[in-house]
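**Q** First, the structure itself, so that you have it in front of you.
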Amino acid sequence: MKKFTVLLCLLGFFSCQPTKKENPAHAEQDKQWWKEGVLYQIYPQSFKDSDGDGFGDFKGVIQKLGYLDSLGITMVWMNPFFMSPLVDNGYDVSDYRAIHPRYGNMKDFDRMLEGMHKRGIKFVLDMVVNHSSDQHEWFKQSRSSRANLYRNYYHWWPAEKGKPPYRHSLFDPEGAWEYDSLSNAYYLHTFAEQQPDLNWENPKLRQEVYNIMKFWAKKGVDGFRMDAFQFASKDTTFPEWPQGHEKEFIKWYGLRPQLHEYLKEMNQEVFSKYGVFSVAEGAGSTFGDAHDLVDPDRKELQLVYHFDAVDLSKTPAGYQLKDLKRSFTRWDSAFAERGWLAIFLANHDNARLVSRFGNDSPQFRAVSAQMLNTFLLSMRGTAYTYYGDELGMTNIDMPRIEQYEDIEAIGKYLAALAAKENIAEFMKVLNYSSRENGRTPMQWNSAKNAGFSTGAPWKMVNPNYLEINVAAQEKAPNSVLNHFRKMVRLRTNNEVLVYGKYKLLQAEHPKIYGYTRTLKQDKRLVLLNFSADRVNFEAAELATIANVNINNYDSYNIRGNRIELLPYQAIIFSLK
Ligand code: GLC
């Protein structure tokens, strides 16, 4: 408000409430680079190997900076590359200031970061500080004796008190407490036994973590992803709880009010001081929890991602489109005025996008991958793309448990054995949903090992690399890759696709996902066929089409208010 107006309103001449804008689209509240950004996730060991040891590395990423630039993406989130015994592929950190040699060294990191920044790409670091590795110096000290200065960096339960109350572990079928004979006590690990939970109640531990974050912020990283951070605050009196609450583990095991004290402190100490942005993995169990993490006035985190939608397709039976619509629509409306979401359907903890939410048969793989990318890049929220999804990379086939090395997959298998589940059925589900599907090497070309490495890759290359690879798709104007680039450009050049209001059309339609995005006078219609059939769809908006923004087929067929969509057709129109 201008000074004069402020004076008049203070004197009581008229209301001091700012007048509401006519069309208060989310946008107008608060524009931010991280809302407008298109994020690309790199799983570093699988992206590009420069030295033939079979693991992707920083120099490999440096070789591919031109490729990243050509995608039009503006942010990179890289999974952990810190020093680690690699029990959980780096989510078990033994030194947060050192780099695991298989990725290179600090100079390589600095060059990679500089290379990204030169191209206008921001870098998001994965902070794994709900737990450390059991090989971290803090834990070695902590376990050495009850009197050690680092004892309170972790959660211990003295054995003379008897067995601690049962706690569910996400990776260990035997539960989250591990007995350690060195000091005759149990320690807590929400994930694997080699990933002991850090004790956030200890202010010294918190300062150590902030110092680590400052170290990376000073290096120039632009953001932090807080891994599994909802578990950082728990009830440390460890009460007995009723059995059978594993499905609601966040409510029982994390998200205590102190979480917000820690995040506010972290924001003051790190985020606001260095102007970096932050994203929470997980969004609690209610919209209220999610808002408490990211609403701007709370000064905690900025972006949150929930698992409701990504978790819809966990078995070969797939999912119902109306559930997917309901999930995205509910979350959108809960965040329409405040807070901000990440939009994603795949990452390193999941199987491949096109195999779970599209159709990975040779006939429909490309069109359905294009359709899914059109979807993810035309929703309100920061769009996330997992490496390889810009090509439509698919699941691999791993029917036998001996083929698995991931700690989560093996943990689930042991739990299924213990519960005497039908193992043949279990393996079908694992083969479909295991996160190993999403970790195969990037498919660069049709040369040996898909051009990923000259040595033996750490994980098998998907045999379909001969058809699905960057080089082949570069040459084909209508490839999944080139469609992705067009879609990124469309989003980046049209604020309406970032900030515009979202309105769902025909919620119950089983095959078509249709919606509009509106920002002031700018209105777009998005129509996505999630099926392999030709489908008719009616919408009044079809009568007001001005032009086509993007279409993964050469043509479209409209009569009046009705359109016939081809299998997995994805089309965006501007409306008059
Ligand atoms: C997060 C990560 C996952 C990891 C786990 C333990 O969920 O995304 O990959 O295994 O935390 O750190």
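**Q** Could you list the square roots of 5 times each eigenvalue of the Cα gyration tensor of the stretch 290-394, that is, the equivalent ellipsoid semi-axes, sorted largest first and rounded to whole Å? Show your work: numbers first, answer last.
**A** Numbers: eigenvalues 145, 37, 28 Å².
Ellipsoid semi-axes (Å, largest first): 27, 14, 12.
**Q** Helix-only estimate, please: 222 nm mean residue ellipticity of the chain, summing -39500 (n - 2.57) across DSSP H runs of length 4 or more and dividing by its residues, to the nearest 500.
**A** One gets -8000 deg cm²/dmol as the mean residue ellipticity at 222 nm.
**Q** Express the Stokes-Einstein translational diffusion coefficient of the stretch 49-107 in µm² s⁻¹, to the nearest whole number, given a Kirkwood radius over alpha-carbon pairs, 20 °C and a viscosity of 1.002 mPa s.
**A** Diffusion coefficient, whole number: 171 µm²/s.
**Q** Give me the log10 of I(q) over I(0) for the stretch 389-466 at q = 0.12, 0.13, 0.14 Å⁻¹, as the Debye formula computes it from C-alpha points; what are the numbers?
**A** -0.39, -0.45, -0.51
**Q** Just how far, in whole angstrom, is the stretch 354-409 from the stretch 418-439 if you go by their alpha carbon centroids?
**A** 17
**Q** If you wrap a convex hull around the Cα atoms of the stretch 77-215, how much volume per residue is inside, in Å³? Can you show the working numbers first?
**A** Working: hull volume 16.1 nm³, N = 139.
It is 116 Å³ per residue.
**Q** What's the FRET efficiency of T286 with A447 using the Cβ-Cβ distance as r and R₀ = 45 Å, to the nearest 0.05?
**A** 0.35
**Q** Taking the Cα atoms of the stretch 358-405 alone, what are Rg (to one decimal) and Dmax (as a whole number) in Å?
**A** Taking only Cα atoms of the stretch 358-405, I get Rg and Dmax of 13.7, 42 Å.
**Q** Can you give the longest run of the chain that contains no chymotrypsin sites (Phe, Trp or Tyr not before Pro) sitting in a DSSP loop with at most 11 other Cβ atoms inside 10 Å? Don't skip to the answer; put the middle values down first.
**A** Details: sites that count: F13, F14.
That gives 15-576 as the longest site-free run.
**Q** Could you give the nm distance between label points at D397 and Q506, where each point is 7 Å from its Cα heading toward the beta carbon?
**A** Taking the two extended label points, one gets 3.6 nm.
**Q** Pairwise over distinct Cα atoms, reciprocal of the mean inverse distance: report the Kirkwood radius of the stretch 137-188 in Å, one decimal place.
**A** Its Kirkwood hydrodynamic radius stands at 11.4 Å.
**Q** What is the magnitude of the charge dipole of the stretch 330-398 about its Cα centre, with +1 placed on the Cβ of each Lys and Arg, -1 on the Cβ of each Asp and Glu, and no other charges, expressed in debye to the nearest 20?
**A** 160
**Q** In whole angstrom, how far apart do the alpha carbon centroids of the stretch 143-205 and the stretch 241-305 sit?
**A** A separation of 23 Å, based on Cα centres.
**Q** Okay, next question. What is the dipole size for the stretch 414-456, taken about its Cα centre, with +1 at each Lys and Arg Cβ and -1 at each Asp and Glu Cβ, in debye to the nearest 20?
**A** Dipole size: approximately 120 debye.
**Q** Sticking with this structure for a sec: Normalised by the empirical 2.2 N^0.38 Å for globular proteins, what value does the Cα Rg of the chain take? Before the final figure, lay out each step's value.
**A** Working: Rg = 24.6 Å, N = 576, 2.2 N^0.38 = 24.6 Å.
Relative to the 2.2 N^0.38 Å estimate, the chain comes out at 1.00.
**Q** The stretch 133-220: percent of C-alpha pairs farther apart than 16 Å?
**A** Of the Cα pairs, 56 percent sit more than 16 Å apart.
**Q** Please give the FRET efficiency for D95 paired with D69, using the beta carbon to beta carbon distance and R0 = 25 Å, rounded to the nearest 0.05.
**A** Approximately 0.20, to the nearest 0.05.
**Q** DSSP beta bridges in the chain, what fraction antiparallel, as a percent rounded to 5?
**A** 60
**Q** Any chance you could run the full-extension gain for R489 through A415? It's 0.36 nm times the residue separation minus the Cα-Cα distance, nm to one decimal.
**A** 22.1 nm
**Q** Assigning unit charges at the beta carbon (Lys, Arg +1; Asp, Glu -1) and nothing else, what dipole magnitude in debye, to the nearest 20, does the chain show about its Cα centre?
**A** In debye, rounded to 20, the chain gives about 1980.
**Q** Across the stretch 250-347, what fraction of all alpha-carbon pairs, as a whole percent, falls in each successive 5 Å bin from zero upward?
**A** Here the calculated profile for the stretch 250-347 is 2, 12, 22, 21, 17, 13, 7, 3, 2, 0.
**Q** Still on this model: Using Stokes-Einstein with the Kirkwood hydrodynamic radius over Cα pairs, what translational diffusion coefficient do you get for the stretch 500-575 at 37 °C and a viscosity of 0.692 mPa s, in µm²/s rounded to a whole number?
**A** Diffusion coefficient, whole number: 266 µm²/s.
**Q** Here's another thing I want to ask about it. Applying 1/(1 + (r/R0)^6) with R0 = 22 Å to the Cβ-Cβ distance of Q243 and N422, what FRET efficiency is obtained, to the nearest 0.05?
**A** After rounding to 0.05, the efficiency reads 0.45.
Just so you know, all these numbers are worked out from the coordinates, no wet-lab data involved. As the structure is a prediction and not an experimental result, all values here were calculated from the model. Note: ideal-geometry Cβ built from the backbone for every residue, glycine included; neighbour counts use all protein chains shown.
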